[in-house]
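The values are calculated or read from the model by the stated rules, or taken from the named source; none is laboratory data. No experiment lies behind these values; they were computed from the predicted model shown. Don't worry about glycine lacking a Cβ; one is built from the backbone with ideal geometry, like all the others, and counts go over all protein chains shown.
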């Protein structure tokens with residue numbers, strides 16, 4: 001792009017709601033061209049309707065971005081509707097002759113962007129895409145046989161070998177905006193719940209500054225023991241960066257660079273920093289997989305698992321959603337999710353295993369619930385993680401790996417801190433009984449003020465029975481596959 005431009009350029013924001021390390025915005029600022037920062041509200045931006053918790057986050061993140069852009073001289077223009085039609089309206093209003101964006105890699109979004117770029121270019125409007133969200137562009141990390149990786153460990157090694165770290169950029173301090181444009185208001189979109197407002201317990205600060213605060217908090221504490229601490233749900237041991245990364249309020253490179261710098265400075269052990277890098281790599285792996293294998297959004301990555309004899313258990317599914325299964329660590333996780341829009345990573349695996357294995361409910365039911373209720377609902381990660389637990393995904397845990405919710409609770413929440421916080425009706429039980437209250441003597445339950453079936457449910461399924469049923473279903477798949 002020429003540095004002597006006078007016609008305005010549209011920067012189309014999507015999953016890159018930040019100023020720093022934003023390649024599209026940096027490119028325009030370097031030319032000195034008038035810039036029109038544009039956000040188009042499309043509820044199906046990822047290719048499927050946005051979840052309610054994601055809408056809550058988007059509401060706050062857009063307000064934060066608008067403030068940052070206003071301070072720099074280029075107000076954020078908000079419009080809603082079909083992306084291509086809306087872009088064309090803004091182009092006609094302003095005479096813009098270029099659209100810059102940071103690419104999205106979800107299959108439907110990728111195809112849509114390609115069609116838009118093709119259409120705009122045919123009409124003489126330049127359209128350029130950048131990688132502002134991933135460590136490496138999907139398609140750039142391939143095996144020696146020029147195929148997508150299906151196993152995480154070699155993918156991570158290849159990713160870290162291949163990916164080129166961009167220079168950090170704080171972003172433009174001033175922008176040449178375009179006056180006189182009228183847009184919509186965030187309030188018009190109804191993203192914040194009102195009646196009822198189920199978000200009153202959401203303790204988050206969406207936006208770029210909130211992302212940096214979260215990173216600073218992580219570096220100062222949890223990262224020092226991250227490898228072990230991230231498995232203890234009762235402690236503050238995780239990064240809590242996932243929603244900030246999903247909405248692009250911070251680049252994954254900035255987060256990795258900060259972690260590695262902390263290790264280099266001796267503030268955290270190098271092993272802990274690299275464990276965090278590998279977790280960012282898992283997010284990357286998930287996005288790359290979905291990009292290469294779009295069908296996994298709807299179907300099992302491993303086709304034989306489409307024959308799984310899932311149960312239609314509406315009551316069990318509802319009890320799981322409400323945190324009323326009778327298994328304390330499962331219920332604690334589901335209640336944390338509803339109250340905060342987030343769930344601890346270890347507990348996500350436990351509750352997913354319970355739904356898919358103990359209840360034998362289709363993983364797609366759980367994936368849909370997480371999509372609606374998680375503030376960090378990322379399509380690639382959500383689908384990949386559920387298929388990982390279900391045994392049907394790439395490099396998945398074997399289906400016969402079935403978490404016992406009692407022993408998982410005892411191992412990772414031995415003092416019951418997590419359960420007592422989220423299942424307060426069990427707070428009076430000692431550590432010995434808190435993860436399996438139905439095994440406690442009657443007098444112990446009475447002393448704790450608990451009547452099973454009234455104050456807290458009895459287990460909705462016997463774990464040993466559910467485990468056997470799940471393994472039997474797996475054997476049916478194996479038998480059918482062997483016959484083929």
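Go through the range 439-459 and give me each residue that's surrounded by 15 or more Cβ atoms within 10 Å (Cβ to Cβ) and under 18 Å from residue 323 (Cα atoms). Of everything in the range 439-459, those that are surrounded by 15 or more Cβ atoms within 10 Å (Cβ to Cβ) and under 18 Å from residue 323 (Cα atoms) turn out to be 450, 452, 456, 457, 459. Scanning for something touching a strand residue (DSSP E or B) at 6+ places or on another chain (Cβ under 8 Å) and assigned by TED's automatic domain parsing to the domain that holds residue 216, does the range 268-279 turn up at least one residue? Looking for residues that are touching a strand residue (DSSP E or B) at 6+ places or on another chain (Cβ under 8 Å) and assigned by TED's automatic domain parsing to the domain that holds residue 216, one finds none in the range 268-279, hence no.
Here residue 396 passes the criteria (1) within 30 Å of residue 291 (Cβ to Cβ); (2) within 24 Å of the chain's Cα centre (by Cα); (3) not in a loop (DSSP other than H, G, I, E, B) except the one numbered (3). So, residue 213, is that one assigned to a helix (DSSP H, G or I) and surrounded by fewer than 16 Cβ atoms within 10 Å (Cβ to Cβ) or not? When the stated conditions are applied, residue 213 passes them.
Checked against (1) modelled with pLDDT of 95 or more; (2) not in a helix (DSSP H, G or I), residue 401 passes all but condition (1).
Pick out the one residue from 433, 438 that is assigned by TED's automatic domain parsing to the domain that holds residue 460, on the phi < 0 side of the Ramachandran plot and not in a loop (DSSP other than H, G, I, E, B). Give the derivation first.
Details: 433 fails: not in a loop (DSSP other than H, G, I, E, B).
Step by step, each of 433, 438 is checked, and only 438 is assigned by TED's automatic domain parsing to the domain that holds residue 460, on the phi < 0 side of the Ramachandran plot and not in a loop (DSSP other than H, G, I, E, B).
Yes/no matrix, rows are residues, columns are (1) over 18 Å from residue 463 (Cα atoms); (2) crowded, with 24+ Cβ neighbours inside 10 Å; (3) in contact with a helix residue (DSSP H, G or I) (Cβ under 8 Å, 6 or more places away or on another chain):
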position: 342; (1), (2), (3): yes, no, yes
position: 351; (1), (2), (3): no, yes, yes
position: 360; (1), (2), (3): no, no, yes
position: 379; (1), (2), (3): yes, no, yes
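Is there a residue in the range 124-131 that is out of contact with any helix residue (DSSP H, G or I) (no Cβ under 9 Å at 6 or more places or on another chain) and either assigned by TED's automatic domain parsing to the domain that holds residue 255 or more than 30 Å from residue 397 (Cβ to Cβ) (or both)? Within the range 124-131 (the criterion being out of contact with any helix residue (DSSP H, G or I) (no Cβ under 9 Å at 6 or more places or on another chain) and either assigned by TED's automatic domain parsing to the domain that holds residue 255 or more than 30 Å from residue 397 (Cβ to Cβ) (or both)), the answer is yes, since at least one residue qualifies. Does residue 25 count as in contact (Cβ under 8 Å) with a residue 12 or more places away in the chain, outside any loop (DSSP other than H, G, I, E, B) and either farther than 21 Å from residue 169 by Cβ or in the same structural domain as residue 96 (by TED's automatic domain parsing) (or both)? In short, yes. The condition of being part of a loop (DSSP other than H, G, I, E, B), touching a helix residue (DSSP H, G or I) at 6+ places or on another chain (Cβ under 8 Å) and under 17 Å from residue 320 (Cα atoms) does not hold for residue 419.
In this structure, is residue 236 under 19 Å from the mean Cα position of the chain (by Cα), surrounded by 11 or more Cβ atoms within 10 Å (Cβ to Cβ), free of Cβ contacts under 8 Å to residues at least 40 places away in the same chain and at negative phi? Answer is yes for this residue.
If you go through the range 234-248 and keep only what is closer than 14 Å to residue 205 by Cβ and in a loop (DSSP other than H, G, I, E, B), you end up with 240, 241, 247. Taking the listed residues 159, 120, the one that is farther than 15 Å from residue 291 by Cβ and modelled with pLDDT of 95 or more is 120, with no other qualifying. The lone criterion from (1) more than 24 Å from the chain's Cα centre (by Cα); (2) buried (at least 20 other Cβ atoms within 10 Å of the Cβ) left unmet by residue 67 is number (2).
When each of 389, 375 is tested for being buried (at least 23 other Cβ atoms within 10 Å of the Cβ), more than 26 Å from residue 313 (Cβ to Cβ) and either free of Cβ contacts under 8 Å to residues at least 24 places away in the same chain or assigned by TED's automatic domain parsing to the domain that holds residue 472 (or both), the lone residue that passes is 375.
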